[in-house]
Amino acid sequence: MKLWDKDGKMPAEVEAFLSGEDAFLDQKLVPFDCKASIAHAHMLKKIGVLSEKEGAQLVEGLQEIIKLHTEGKFHVKQADEDCHTAIEAYLIQKYGETGKKIHTARSRNDQVLTALRLYEKDAIHQVQALILTLKDCLLQLSKTYGYIEIPGYTHMQKAMPTIVKVWLGSFVSSFEDTLKVFHLADELVDQSPLGTGAGFGIPVFDIDREMTAKAMGFSSVLENPLYAQMSRGKIEATLMHALTQILFDLNKLSTDLLLFSMAEFGYVLLPSEFCTGSSIMPQKKNPDVLELVRASYHVVLGEEMKIKGIISNLMSGYNRDLQLTKGPMMQAIEITLGCLKSLCLLLPKITINEGTCKKAMSGELYATEEAYELVKKYPPIAFVLKPIHELPAAFLRDLAVNHDEELVRLDVL
Ligand code: ARG
């Protein structure tokens, strides 16, 4: 039964079209919607809408649903439309009229916002923890291999010498900035929309929004009820931006690892157990994990664009279009968690081949260093800015004798 059931039967195809992927996606929202409903039930009891007994029954029923969900035994069916209806239907079936009372002073519109924000808060915390783990993996690798010299590249050409610690450290620094973006996304998500109703507040009942916000673990209450609706998709877009920031870091890290593990470079050795084989080329050790991580950035960018597109041009207030932001958001979170978890397992297993790194440190990498030595030796000459014919003869002689190769390079420095 729907919460809004009207006369007449909707054709099954249309019903399926309306619920779309919700029956499947909302499965993930079940524990969060129950958590919100438990806070709501306690509040309704406090303001006298529910008796002590009724409140206790509803909380017990909701805890039962959480348990069933954990055991894989609570299913949102397409006919339920979404998890909010499925959960209320369970309570009504079990407690009759008392079950119906859980919907007092709330709408599915503030319910879906609340469940989504709780889901997102949980996801942000998981992602933040995994980024910190990955950062530790990089620091650990740096401890072991940090002082090995490797070529630094510009334009994909050997440029100047660097060390593993600087290379890996660049990702550590990038993660630190990315974590700041997640912190901001978390701050935006961390406001309770419960009690904003359909978008225009709750009339008649003197609800306690601070109480429910606190019980659910939100730091504050989202005051403007219409903004609560407007924030759907906008908040997700910010979260998606944070997700693309970490996936950008991982895309770059994967790209470096893919190149550096090619036989032609050989600086990095990938663990065989993370590589796949080929059905026809027995010599192959394919780095599929890194390739999928690299591509995931683009997939999530696409999901971000979907959300930003769906939420534009909508009149203020709830519009059903918003339902379609749920899939891209959840998909993006799942992909990001998958990438982070896989890299947290793979990174501690990579090794750096000191021998190949040493071999790669060819003479041209030191050209700048040698040029600077010359500048030191001929202090009055800011030769990098001067045409070669203006340089003093002694200086040129020195260059010609000791720095034949670099002579060509100096005029382009
Ligand atoms: N599944 C819906 C969504 O995600 C729930 C809210 C439905 N509200 C409504 N007024 N039809 O948006």
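Every read-out reported here was derived from the displayed coordinates using simple, explicitly stated rules and does not represent laboratory data. Predicted model only: the values in this text are computed from it and were never measured. Reconstructed Cβ throughout: ideal geometry from the backbone, glycine too, with neighbour counts over all protein chains shown.
A few points about this structure:
- For segment 303-351, fraction of C-alpha pairs farther apart than 11 Å, in %: 72 percent
- Of the GluC sites (Glu not before Pro) in segment 29-108, those whose Cβ has at most 14 other Cβ within 10 Å and which sit in DSSP loop: GLU71
- Among HIS125, HIS84, HIS103, a tally of other beta-carbon atoms within 10 Å of each Cβ gives an order, fewest to most, of HIS125, HIS103, HIS84.
- Tensor-based shape of segment 47-101 (alpha-carbon gyration tensor, a/c under 1.5 rounded, otherwise prolate or oblate): oblate
- Spatially proximal aspartates and glutamates relative to LYS341 (Cα-Cα < 14 Å; intrachain offsets below 8 disregarded): ASP136
- Which listed pairs, of LYS67/LYS94; LYS101/LYS308; LYS73/LYS101, have C-alpha distances above 26 Å, in listed order: LYS101/LYS308
- Most fluctuating residue given options SER362, SER254, SER278, as computed from a GNM of the chain linking Cα atoms under 10 Å: SER278
- Segment 240-390: C-alpha gyration tensor shape, a/c 1.5 cut-off, then a/b vs b/c: oblate
- As a calculated quantity, the FRET efficiency between ASP177 and HIS125 at R0 = 25 Å, using C-beta atoms, amounts to about 0.85.
- Considering only GLN126, GLN283, GLN78, the mean-square fluctuation computed in a Gaussian network model of the chain, springs between alpha carbons under 10 angstrom, is largest for GLN283.
- For LEU50, the amide hydrogen comes within under 5 Å of the amide hydrogens of LYS45, counting only partners 5 or more places away or on other chains and with H modelled in the peptide plane.
- Counting every pair of alpha carbons in segment 117-248, the share spaced more than 26 Å apart comes to 44 percent.
- Spin-label pair ASP288-CYS275: with each label point 7 Å from Cα along the Cα-Cβ axis, the two points sit 1.4 nm from one another.
- Going by neighbour counts of Cβ atoms within 10 Å, the residues HIS40, HIS75 line up, fewest first, as HIS75, HIS40.
- 222 nm mean residue ellipticity, helices alone, for the chain (DSSP H n ≥ 4; -39,500 (n - 2.57); rounded to 500): -19500 deg cm²/dmol
- Sorted from greatest to least, the principal axis extents spanned by the alpha carbons of the chain come out as 99, 53, 39 Å.
- Whole-percent P(r), segment 76-147, all Cα pairs, 10 Å bins from 0: 17, 27, 20, 14, 12, 9, 2, 0.
- Modelled spin labels at GLU64 and SER316, positioned 7 Å past Cα toward Cβ, are 4.3 nm from each other.
- Relative to the current alpha-carbon distance between LYS359 and LEU259, full extension at 0.36 nm per residue lengthens the span by 34.4 nm.
- Residue of GLY55, GLY146, GLY309 that the Gaussian network model of the chain assigns the largest fluctuation, springs spanning Cα pairs under 10 Å: GLY309
- Segment 180-313 - percent relative contact order, Cα under 8 Å, separation 6 or more: 23 percent
- Kirkwood-Stokes translational diffusion coefficient of segment 1-77, alpha-carbon pairs, 10 °C, 1.306 mPa s, µm²/s: 110 µm²/s
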